[in-house]
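The block underneath contains the structure these notes are about, expressed in structure tokens.
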Amino acid sequence: MADPSSYRPKPGQIPDSPGVYRFRDEHGRVIYVGKAKSLRQRLSSYFQDLAGLHPRTRTMVTTAASVEWTVVSTEVEALQLEYSWIKEYDPRFNVKYRDDKSYPSLAVTMGEEFPRVQVMRGPKKKGVRYFGPYAHAWAIRETVDLMLRVFPVRTCSAGVFKRSAQIGRPCLLGYIGKCSAPCVGRVTAEEHRELAEEFCDFMAGRTGAYIRRLERQMHDAAEEMEYEKAARLRDDIEALRRALEKNAVVLADATDADLIAVAEDELEAAVQIFHVRGGRVRGQRGWVTDKVEAVDTAGLVEHALQQLYGEESGDAVPKEVLVPALPELSGPVVQWLTERRGARVDLRIPQRGDKKDLMATVQRNAQQALVLHKTKRASDLTTRSRALEEIAEALGLDSAPLRIECFDISHLQGQDVVASMVVFEDGLARKSEYRRFQIKGFAGQDDVRSMHEVVGRRFRRYLAESLKSGELTGELTQETDGEVPAEADDRPKRFAYPPQLVVVDGGKPQVAAAKRALDELGVTDVAVCGLAKRLEEVWLPDDDDPVVLPRTSEGLYLLQRVRDEAHRFAISYQRSKRTKILKAGPLDTVPGLGSTRKQALLKHFGSVKRLRAATVEQICETPGIGRKTAETIAAALAAAAPPAPAVNTATGEIMDDAEE
């Protein structure tokens, strides 16, 4: 635990101006990012008596080893820079809203020649209009199915569209009237785009004009005694009304607004957002987060606004945002939202009327989300904490291993030897940090030697990153292989953060190899253990007897999950390499022969067998193949032994099939 006075800036060093500051730990990792109207006042508050700090703030300042800051011109710039740095560095003491799913949206690809209506997830793309997000994809499909009667816009994939155009027949939706079939020319591109624009207008809330127009057309058809047409229009109107019923009117004045509500306790907070467009609830989403920093409701709202609108612009930012509490500096937040929308945005707390009633509904949803989340995770949070404490006690560690890295070796009878590294932080898998290795130092099967190589390579990269960032001084030794990245930026690298515990899949020999690799590099602050599969016993370096954890131990369960995940990741990598080798053909050995020319050769000759029998002159007849390349191909195929003929075991007949 660090003493904050050891890195406290000297009096007068901190400017009295707006800015953004970063706290770093002893390894140089950014652990907290904050902004301030006055850097001097804000940073000074962190270096008061520890007894007067909030427990979470006290944990942060004692974990940190340094602080730095960047001065900006305005508070809006500070807000933007804070969001960028939180997204880049992922600091552990900042509130970050995450959920376990990507909410689906109804998307219309207006950037294509023939716009398509579909369900989309993930980041937004240019040239696509989005509606939602929705809680469930089936809700989108039900709405679209009803609306296609009136707006028969294309919903098929590019492959289906191209196939229908080639054969001159539309798909089933074209036959039943739920697609205007632009693939076969029933409508022009301009007419289809007009349909897509009408679909978007209806989804955006401009519904009354379309229903009134259809009603007029229905009455006109009835007067003209075109009863079949009138009945079809009647059904279309009913379909649109059923689609509208799925998004009940909640605000009578056709308001465009987002309503944000927060439910919180001492440890966690849940945020719920209702997206209201045209007076109707068009989408809903929510997040749950751990309160890892000392933050009140206003601070949670500000973090939610950054998360919600940090990547948005234009109409994706509504005219009005209703919140339960205003951020401490609401002026810069409003200005930031206005800049992102390109028009004025109102940020306020609803006081009365329908908006206040709807906010109460959003608040109830947030409270229910928090209760549900705590029900699911209450035992899990307790279990993870207890598991880490049991591991620390069993292995004699000074503190719980918040970052655990596990290594495993995989091969097939000594061939294609690979290794995996998986990372668990706070007892949870962090898949973005997973890494794969190919064994390069030697050929053949030797798990102990492979483990020594992989652990050494991982920590050589760590030492190189530490030297580059200034944590270490001196010159690189031979062991680091000079692996210092050429880029001199300040971003965290793949191997920049050391674990508190290294787990290897194996027993005493593998543990000794990993420990020897660390000792050769001078790494002394990382614990090592191994988990042997036979009796699930934990081996420590230099100990003749293993540590046996109880079968009911949460610490043992966590080590097993880490080991099994490393084994799964290594096996999947080894299998993928094996699959590539099995798929390789004789043409893959020809240098300089790409996939395009391989396909051209197979298309020209029909099979590798016929290609092998061809002369150089015949090979030259293939488009794109010159004389020199043809000679190389002929020589490579002649050197490659043809496969043995297949034999029908029932009849003894030799099956002389052509190679594919």
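Here are the numbers for the structure shown:
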{"quantity": "Of the criteria (1) over 17 Å from Lys87 (Cα atoms); (2) part of a helix (DSSP H, G or I); (3) modelled with pLDDT of 80 or more; (4) not aliphatic (A, V, I, L, M), which one Gly286 fails", "calculated": "(2)"}
{"quantity": "Selection status of Ala419, outside any loop (DSSP other than H, G, I, E, B), modelled with pLDDT of 85 or more and over 19 Å from Arg460 (Cβ atoms)", "calculated": "no"}
{"quantity": "Breaking point among (1) at pLDDT 85 or above; (2) among the aromatic types (Phe, Trp, Tyr); (3) open to solvent by less than 30 Å² (accessible area, probe 1.4 Å), for Tyr89", "calculated": "(1)"}
{"quantity": "Unique match (being assigned to a helix (DSSP H, G or I) and touching a Ser or Thr at 6+ places or on another chain (Cβ under 9 Å)) among Arg340, Arg344", "calculated": "Arg340"}
{"quantity": "Candidate set: segment 194-219, residues that are open to solvent by 90 Å² or more (accessible area, probe 1.4 Å) and over 28 Å from Glu112 (Cβ atoms); chosen: the one modelled with the lowest pLDDT", "calculated": "Arg212"}
{"quantity": "Test: residue in segment 326-333 that is at pLDDT 85 or above, within 29 Å of the chain's Cα centre (by Cα) and not in a helix (DSSP H, G or I)", "calculated": "yes"}
{"quantity": "Test set (1) without any contact (Cβ under 8 Å) to a residue 24 or more places away in the chain; (2) part of a helix (DSSP H, G or I) - Leu173 fails condition number", "calculated": "(1)"}
{"quantity": "Residue satisfying all of: in segment 279-294; open to solvent by 20 Å² or more (accessible area, probe 1.4 Å) and over 26 Å from the mean Cα position of the chain (by Cα); nearest to Thr59 (Cα to Cα) among these", "calculated": "Ala294"}
{"quantity": "Total residues in segment 78-93, condition under 21 Å from Val61 (Cβ atoms) and either of a type outside the set (Ser, Thr, Tyr) or not in a helix (DSSP H, G or I) (or both)", "calculated": "8"}
{"quantity": "The one condition in (1) within 31 Å of the chain's Cα centre (by Cα); (2) at pLDDT below 90 that Val528 fails to fulfil", "calculated": "(2)"}
{"quantity": "Hits in segment 615-635 - residues which are among the hydrophobic types (A, V, I, L, M, F, W, C) and either without any contact (Cβ under 8 Å) to a residue 12 or more places away in the chain or in contact with a Pro (Cβ under 7 Å, 6 or more places away or on another chain) (or both)", "calculated": "Cys620, Ala635"}
{"quantity": "Selection status of Arg149, over 25 Å from the mean Cα position of the chain (by Cα), open to solvent by 70 Å² or more (accessible area, probe 1.4 Å) and modelled with pLDDT of 90 or more", "calculated": "no"}
{"quantity": "Some residue of segment 632-645 being among the hydrophobic types (A, V, I, L, M, F, W, C), in contact with a strand residue (DSSP E or B) (Cβ under 6 Å, 6 or more places away or on another chain) and modelled with pLDDT of 75 or more", "calculated": "no"}
{"quantity": "Answer from Arg8, Arg40 - the residue that is assigned to a loop (DSSP other than H, G, I, E, B), modelled with pLDDT of 85 or more and open to solvent by 50 Å² or more (accessible area, probe 1.4 Å)", "calculated": "Arg8"}
{"quantity": "Filtered residues of segment 627-641 (kept if of a type outside the set (S, T, N, Q) and either in a helix (DSSP H, G or I) or in contact with a helix residue (DSSP H, G or I) (Cβ under 7 Å, 6 or more places away or on another chain) (or both))", "calculated": "Arg627, Lys628, Ala630, Glu631, Ile633, Ala634, Ala635, Ala636, Leu637, Ala638, Ala639, Ala640"}
{"quantity": "Selected residue (criterion: farthest from Ser105 (Cα to Cα)) from residues of segment 291-311 that are without any contact (Cβ under 8 Å) to a residue 40 or more places away in the chain and either in a loop (DSSP other than H, G, I, E, B) or of a type outside the set (Val, Ile, Thr) (or both)", "calculated": "Asp296"}
{"quantity": "Some residue of segment 449-462 being in contact with a strand residue (DSSP E or B) (Cβ under 8 Å, 6 or more places away or on another chain), open to solvent by 50 Å² or more (accessible area, probe 1.4 Å) and not charged (D, E, K, R)", "calculated": "no"}
{"quantity": "Residue among Thr62, Thr70, Thr57 that alone is assigned to a strand (DSSP E or B) and polar (S, T, N, Q)", "calculated": "Thr70"}
{"quantity": "Condition met for Leu329 (touching a residue at least 12 places away in the same chain (Cβ under 8 Å), open to solvent by 50 Å² or more (accessible area, probe 1.4 Å), closer than 19 Å to Ile86 by Cβ and aliphatic (A, V, I, L, M))", "calculated": "yes"}
{"quantity": "Candidates Lys246, Lys229 - the one that is surrounded by fewer than 18 Cβ atoms within 10 Å (Cβ to Cβ), over 22 Å from Ala165 (Cβ atoms), touching an Asp or Glu at 6+ places or on another chain (Cβ under 8 Å) and at pLDDT below 85", "calculated": "Lys246"}
{"quantity": "Condition met for Gly28 (of a type outside the set (Ser, Thr, Tyr), farther than 30 Å from Trp138 by Cβ, assigned to a loop (DSSP other than H, G, I, E, B) and open to solvent by less than 50 Å² (accessible area, probe 1.4 Å))", "calculated": "yes"}
{"quantity": "Flag if Gln306 is touching a helix residue (DSSP H, G or I) at 6+ places or on another chain (Cβ under 6 Å), under 22 Å from Lys87 (Cβ atoms) and open to solvent by less than 20 Å² (accessible area, probe 1.4 Å)", "calculated": "yes"}
{"quantity": "Subset of segment 94-126 [open to solvent by 20 Å² or more (accessible area, probe 1.4 Å), modelled with pLDDT of 85 or more and either out of contact with any strand residue (DSSP E or B) (no Cβ under 7 Å at 6 or more places or on another chain) or not in a loop (DSSP other than H, G, I, E, B) (or both)]", "calculated": "Gly111, Glu112, Glu113, Arg116, Gln118, Val119, Met120"}
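The values are calculated or read from the model by the stated rules, or taken from the named source; none is laboratory data. Everything numeric here is computed off the predicted structure, so don't read it as measured data. Note that we place each Cβ from the backbone using ideal geometry, even for glycine, and neighbour counts take in every protein chain shown. Heavy atoms of the whole protein, side chains included, go into the accessibility calculation; ligands, DNA and RNA do not. Shrake-Rupley method; radii C 1.70, N 1.55, O 1.52, S 1.80 Å.
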